[in-house]
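Here's the structure we're looking at; comments come further down.
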Amino acid sequence: MSYTSDRTGAEVDATLDAADVHIAEVTTDPHLPAASQVEAEAGTEAAQRAFSPLRVAQAIAALGGGGSLGYDANGNLFTEDSNTVMPTSMTNGLYLTSGVAPTDNPTDMAMLWSADQNAVAGTASLNFESEDGFGYTFGTLCGLGTLLPTRELDVSGDVIADSYETSGKAIIIPDSHTGVVTTNDLAFPSDANVITLPVSTINTVSGVTAGAVYVLVALGAVTLTDGATIVCRGGNIVLAANESVMCVGLSATSISVCTKT
């Protein structure tokens, strides 16, 4: 910068005369070139440049400082979309406009975006994907462990529950298991409630969890004999393919079976 003394009219380069009470004129240093729009938007020029307010605004817009997120009049943060109209019913919230599902899973990062569910217009839903690639979506259809749910609740993977409480409606997600019958003994699994039975005659049971409720589904002709460890009220129970019964565990080696449904 160079200054002109209001007392002597001389240019002062380094220090001001002690008698000067103020600076009368300031001119731009001819050795500091003005930044171009290209330089401002690129943000890569290392040399010193003079910036006008216009160039500052252009740099912010081009580098994303004001182009990717915005706030509406109610303080809601939203992803930039010139066509987005925010409702006035929520304040200090977050809105996500339609996005595109990621194609990778960066280290130590989870991703969140909005998209129409299964490409159906008017069903924008919340989508979440964890670092390990498992996806979750919440909307008209709800999916856990999947990005494309096909039912009201679609769960892919194991569901483990130690206990639950309910005072009304409840969700029961039974885990299935292929039953193994050895020497007419059915071994009950420790982690399943629905057991499919091969063609067999079952005289005894083992591995039962006392108090657990099981559903036995026949894949073919199955006979459950009424004996010491299988309590079949009214005598033996004979199942045809795809028929089922429900039983309750009494002990590790005893069950009670209801009548055929």
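Using the structure shown, decide if Asp108 is acidic (Asp, Glu), surrounded by fewer than 15 Cβ atoms within 10 Å (Cβ to Cβ) and closer than 28 Å to Ala61 by Cα.
The answer is no for Asp108.
I'd like to verify a number: residues in the stretch 183-194 that are over 32 Å from the mean Cα position of the chain (by Cα) and part of a strand (DSSP E or B), how many?
Going through the stretch 183-194 one residue at a time, the tally reaches 3.
Does Glu41 fit the bill of being touching an Asp or Glu at 6+ places or on another chain (Cβ under 7 Å), at pLDDT 70 or above and over 30 Å from Thr88 (Cα atoms)?
Here the answer is no, as Glu41 does not meet what is asked.
Based on what the data block shows, is Leu148 within 23 Å of the chain's Cα centre (by Cα), of a type in the set (A, V, I, L, M, F, W, C), surrounded by 10 or more Cβ atoms within 10 Å (Cβ to Cβ) and at pLDDT 70 or above?
In short, yes.
Within the stretch 111-140, track down each residue that is surrounded by 12 or more Cβ atoms within 10 Å (Cβ to Cβ) and either on the phi > 0 side of the Ramachandran plot or touching a helix residue (DSSP H, G or I) at 6+ places or on another chain (Cβ under 6 Å) (or both).
Asn118, Thr123, Ser125, Gly139, Thr140
The values are calculated or read from the model by the stated rules, or taken from the named source; none is laboratory data. These numbers were taken from a predicted model, which means no experiment stands behind them. Please note: Cβ atoms are built from the backbone with ideal geometry, for glycine as well, and neighbour counts cover all protein chains shown.
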